[in-house]
Every structure is written in C-alpha cells, then in structure tokens.
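Only one structure is covered here, and it is reproduced in the block below.
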Amino acid sequence: MSIILDKVNFSYSQETAYKIQALKDINLKIEDGEFIGIIGHTGSGKSTLIQHLNGLVKATSGGIYFNGQDIYDEDFNMKELRSKVGLVFQYPEHQLFETTIFDDVCFGPKNLGLDKKTVELRAYEALRSVGFPEALYFQSPFDLSGGQKRRVAIAGVLAMKPEVLILDEPTAGLDPAGRDEILDLISKMHKELAITVILVSHSMEDVAKYVDRIIVMNQGSVMYDGTPKEVFRQYKYLEEVGLAAPQVTYLMHELHEKGLPVNLDATTVEEAKESILCALRNNEAKRLQ
Amino acid sequence: MSIVKTKGLVHEFIRRDEEDNVESITTALDHVDLRVEQGEFIAILGHNGSGKSTLAKHINALLEATEGTIWVDGMDVSEEENVMPVRKVAGMVFQNPDNQIIASVVEEDVAFGPENVGVPTDEIWERVEKSLKAVDMTKYRNHSPNKLSGGQKQRVAIAGVMAMEPKCIVFDEPTAMLDPSGRKEVLAAAHELNRQKGVTVILITHYMEEVVDADYVYVMEDGKIIMDGKPREIFSKVDELKAHRLDVPQVTLLADELRKSGLPIPKGILTREELADAILKCASDFRR
Ligand SMILES: Nc1ncnc2c1ncn2[C@@H]1O[C@H](COP(=O)(O)OP(=O)(O)OP(=O)(O)O)[C@@H](O)[C@H]1O
Ligand SMILES: Nc1ncnc2c1ncn2[C@@H]1O[C@H](COP(=O)(O)OP(=O)(O)OP(=O)(O)O)[C@@H](O)[C@H]1O
Ligand SMILES: [Mg+2]
Ligand SMILES: [Mg+2]
C-alpha cells in the first residue's frame, strides 16, 4: 500500500487567535514495505502527521492518497483504511477503555467483523508476542504499571494485523529488555509479513538500529528525508533542532579527531565495534611494516 | 536525618470481585528498606512492574502501606496530619503528565502548586517565570496545557513541581517523552536543583545513560531491592543487569564488546571520554 502526501497543511484551532500551524506543506511518498523512522523535537508535528495517515485528523489543505485513491473523496472507505492502518498512540491511556485487558485487545479485531474464536486467538497471540504476563489478562487495564499498559496498547493494534503499522513512541516507558523485544518483534513482522512500519521515536539509537529511512521533522516541516547514515551525518544541524546523533557516532568523531581513522558513519554498537577493531588492526599492521 | 526512609515497606494491591471476595493480590512492594539522605541524587532502575512507581507514590503519601513504615523528612507518612506536610516536602513528577495537569492555562497550572501551599503572590509569579524558563516553555505560558504535544506537557508538569521548591523531588520517568535536547535539559535542571539548592532527587528511569551521574543506584525486581551501589559498580555488571531486564549505557556496552574481542579496555567505563581515552591508549600501546 503506497501512501502519498501532497502539500499537506494542518492547523489546530484554525478559527481562533491561538491557531497553530502544526504541519506545513508536507510532501512525502511512502512505498509498500518500507521501515521508516520519524524523529523531531517535541512539538515538531510528528503525532499530528501520523494521525493524518489513518484519517483521524483531516488536513486543512492538501491531499493524501492510498494506492492512488484520494482519502478525502466522498466515496472513499475510511473504515477500511482504519482496518489496514494500525496506529499505536503515544500515550497508551488514550487507547485503553475496556473493563479487562483481554477485551481491550479483542476490540480491534472484533471491529474487523471476525468471528469470536478468531478474535480471541488473535488477542492471545498478540498479548503473548508483546510479553504481557498471563496472570493479568483478565484484570483492568487501568491498574497496570506504565510499561504494562504500553504492551497492552501495542498488542491491541497487532491483533488487527494491519498492513501499515504506525507506532508513536512505542518504547517510551518500556524496560530495556522490553524495548529490544518489542522492536525486534516489529522488525521481524516487517520482514516476514512485508508490512509497512512507521516508527516515531526520540531514541536516536533505536532509529539508527532498526529503520531504513528517516524523516526529520522541524517545526511542522520535513527537514531531512534519507537513510540513517545520510541523516546522522548532519548531526550538527540535528543538534540545532533538538536532536542528536546516536551516542557511538560521537565517540567515532572523537576518535577520528584524535587521529584514529574510524568510520564516521557508524551509528550502532556493532558497526562501531567493527570499525574500531579494524582501525586498530591497520594501525598495528602499519607499525610492523 | 534521612529525607526518605522506609522500613519493611510492603504494598499489596488487592483486587476484589462484586461480592467483595479477594480475587487476586499483587505484591508491588515486598519489604523494601531504603534510606535516602538529604541532598543525594539517587536513581531507581527496574523492569516494568517491579514496583518503582508504587514506591514513588508512597513517598508522596498517595498510598497506604500494607505493612512497614515510611518516613519523609522524619514524618511518618501513615499519620493523617502528616499527609499535607509530606507532600510539601516531596514533590512528584508523574510518569504520565496528563495525570498532573490541573488548570486550563499553562502558567496557572504551574502556579497551582505554590499557590496551594500558601506562597505569597509576588513570589509565585517569580517562581512560575523561572520554572517555565528552565524547561524552555515560556512562550507557551498562555496556551492550554491540554493542547500541547506530549513532550511539551511533560515540561509543564516538571515546571509545576520545580515551582513548589520542595526539599525532595521524585521524577518518575520524566524524560520518556522528550527529544534528546529536552532530555539533556531536564537532567541538567535536576542536577542543578540538586547541586545548587541541595534538593534531594530520586530519579526513576529506563534510560541507563541518565543514571551515570547519580550518587547512588537502586535496582528493583518484583517489589524488592536486589542491587544497589554507585553507578560504576552497578554498570560493571553487564550480564547481571541484562538478566534483570536492564542494560548499561551504550558506551559501556561498546567497551564491554571491545573487551570481549580482546582489547585491554578496563571495566566500569561510563562516559564517552573514558572510552575514547582507553581506545586511544590501545592504539599507542600497539605502537610502542
Ligand atoms: N489538540 C491540540 N490543539 C492545539 N494544538 C495542538 C494540539 N495538539 C498538538 N498541538 C500543537 O501542534 C504542534 C505539533 O504537535 P504534535 O503533537 O504533532 O508534536 P510531536 O512532534 O508529536 O511532539 P512530541 O514529541 O512532544 O510528542 C505543537 O506545537 C503542539 O503544541
Ligand atoms: N492500581 C493498581 N491496582 C492493582 N495493581 C497495580 C496498580 N498499580 C500497579 N499495580 C501492579 O503493581 C506492580 C508494580 O507496579 P508499578 O507501577 O509500581 O511498577 P513500575 O516499576 O513503576 O513499572 P513501569 O516501569 O512499567 O512503570 C505491577 O505488577 C502492577 O501491575
Ligand atoms: Mg507526539
Ligand atoms: Mg512506573
């Protein structure tokens, strides 16, 4: 499912003195099966942007096309779009409302019109896949710890088996192991099911490790759009807009400045390790010559 | 005198069905003994559901202990007349800022706390000014907090607690929704309050990097404190931390990986500078 945004503008409180233009002239093309990261300072428009992608928020001007179909056409099937584009909200509290956790996760697939047995199977599967403790399945979603709520909210969307999976800071509040488990799970789903994934994140490290393309938002506009290496090469400019490079990238720059010729494009621990070992080996070989 | 002290603190969440029969019991705190001295900067780590927020709520007199005692600034929290004084001593930044927003305008929201504890009007506005500035939200002072982005709300919540100038602040994952600069600024603000005003800081976080400069670290698991020590001691136990669903800062992880590949990198590296020095030393040692 390809998605095109054509000159999308959006303002909150359009008719009032407090009008805020949250999106300015956004042009984007998202291909089928991409794994995209969206980064940007707080208030840069990330959440607003992704809520356009399943029709929750309607552009003030501009067009959005799914597989070439204008989603603002009168006869466009918005319900079908919402069943294909799953969105995990930034705050799980905005998504949880049933009396038990299990019912909550059933809500999405039930809405797809699936039979009861399939719905329940999917709910079990989803809760298990996000590592949610089984003993709590039939308790209230409101009596959970922050990270537990997050897992339930993610499970609720996974249970719908969307073609496009959009996650708004899904790992905020997860413990480090949980963070890795959820991102590995999403990455695996992306590979095996060929779904499109859009990940909004404030963790430069996570984005560097998982996504193929990064969209950088700054004050409602797209500032950069490229591979992680291309984007993080601009780290000085990223810093000016509230962002940063992954931590190891800074280390690489420091080593390089002090005369060890390491790869400045390394953004993950794995890449940094390889590059440092390689640079030290070359260093040693030169000495022996 | 310790600013926070707990002895055998137990908290059970008891769930009952319609007939009032006990359905289940979750032991969120299981005999916790903790001692935080005035002026310390401590961090609490632990897996999801390990009891961190429950402990934080006890420090703010929001829950009643099932067993054991907690004292805040020497006051037994379980005594009714201590509840308000305890909340004045210990401010709290909640995990979700929505739970903390009260007024319909940002600056009133920040003023609410100090107003409530009887700070004179002139001083209230001074404090509001300063706190909004510290979190870089001055330009939103007349906005409605409900209409802010996630990270902006979080900043307002932090300003609200700072404006109360409590002796002790419990930050429950304050940076979870912040961009890298915001995260740095909030951490810097917490350290500044700690160093300059002697405010005790209790920081709950899932970001290992944020813990590096803490004086002391506690690790919780299933309601118990299972490890404690200085950041350097704690983070030298990479495998043990991972077994408890935690991690180490990225540079520490890289240092560990390099060591496992045979480089003579010392244990307990916490900062980029330390790691850079260690690697460059390897390079020059080779040369010799
Ligand atoms: N309901 C609303 N009413 C009015 N303004 C809003 C509303 N929600 C967001 N805004 C404003 O729109 C802008 C973009 O907000 P958005 O939530 O999209 O940012 P974000 O990039 O997701 O930020 P964060 O990283 O903090 O979640 C911000 O300036 C914010 O104050
Ligand atoms: N209101 C409640 N009613 C019943 N059980 C609760 C309630 N709040 C928390 N719990 C349970 O108590 C345990 C500890 O929760 P707590 O919120 O203290 O964890 P936490 O360490 O803060 O986790 P997280 O990192 O996810 O925020 C969890 O098992 C949770 O499900
Ligand atoms: Mg957002
Ligand atoms: Mg918590």
Condition test on A:VAL241, is it among the aliphatic types (A, V, I, L, M), buried (at least 18 other Cβ atoms within 10 Å of the Cβ), over 19 Å from A:HIS41 (Cα atoms) and at the interface with another protein chain (Cβ under 10 Å from one of its Cβ atoms)?
-> no
Selection within the stretch A:69-95 - farther than 15 Å from A:ASN111 by Cα and either touching a residue at least 40 places away in the same chain (Cβ under 8 Å) or in contact with a Pro (Cβ under 6 Å, 6 or more places away or on another chain) (or both) = A:VAL88, A:PHE89, A:GLN90, A:PRO92, A:GLU93
Going through the stretch A:2-59 one residue at a time, which ones are more than 15 Å from ligand 1 (Cβ to nearest atom), touching a residue at least 60 places away in the same chain (Cβ under 8 Å) and of a type in the set (Lys, Arg)?
-> none
Tell me, please, whether a residue that is in contact with a strand residue (DSSP E or B) (Cβ under 9 Å, 6 or more places away or on another chain) and surrounded by fewer than 17 Cβ atoms within 10 Å (Cβ to Cβ) can be found in the stretch B:38-45.
-> yes
Quick one: in the stretch B:115-134, which of the residues that are surrounded by 23 or more Cβ atoms within 10 Å (Cβ to Cβ) and not hydroxyl-bearing (Ser, Thr, Tyr) is nearest to B:GLY182 (Cα to Cα)?
-> B:LEU132
Got a sec? Which of A:LEU185, A:LEU144, A:LEU158, A:LEU174 is farther than 25 Å from A:THR99 by Cβ and more than 16 Å from ligand 1 (Cβ to nearest atom)?
-> A:LEU185
Residues of the stretch A:131-148 satisfying the condition of being more than 9 Å from chain B (Cβ to nearest Cβ) and either within 6 Å of ligand 2 (Cβ to nearest atom) or not in a loop (DSSP other than H, G, I, E, B) (or both) | A:GLU134, A:PRO141, A:PHE142
The listed residue being more than 19 Å from A:GLY146 (Cβ to Cβ) and crowded, with 23+ Cβ neighbours inside 10 Å, out of B:PRO145, B:PRO174 = B:PRO145
Is it true that some residue in the stretch B:202-211 is among the charged types (D, E, K, R), closer than 26 Å to B:ILE279 by Cβ and within 16 Å of ligand 4 (Cβ to nearest atom)?
-> yes
Picked from the stretch B:173-222 (must be at pLDDT below 95, outside any helix (DSSP H, G or I) and closer than 18 Å to B:LYS52 by Cβ), the residue nearest to the other protein chains (Cβ to nearest Cβ) is B:ALA176
Test each condition in (1) within 19 Å of A:PRO162 (Cα to Cα); (2) in a strand (DSSP E or B) for A:GLY55 and report the one that comes out false.
-> (2)
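The values are calculated or read from the model by the stated rules, or taken from the named source; none is laboratory data. All values derive from a computational prediction rather than experimental measurement. Cβ coordinates were reconstructed from backbone atoms using ideal geometry, including for glycine residues, and neighbour counts include every protein chain displayed.
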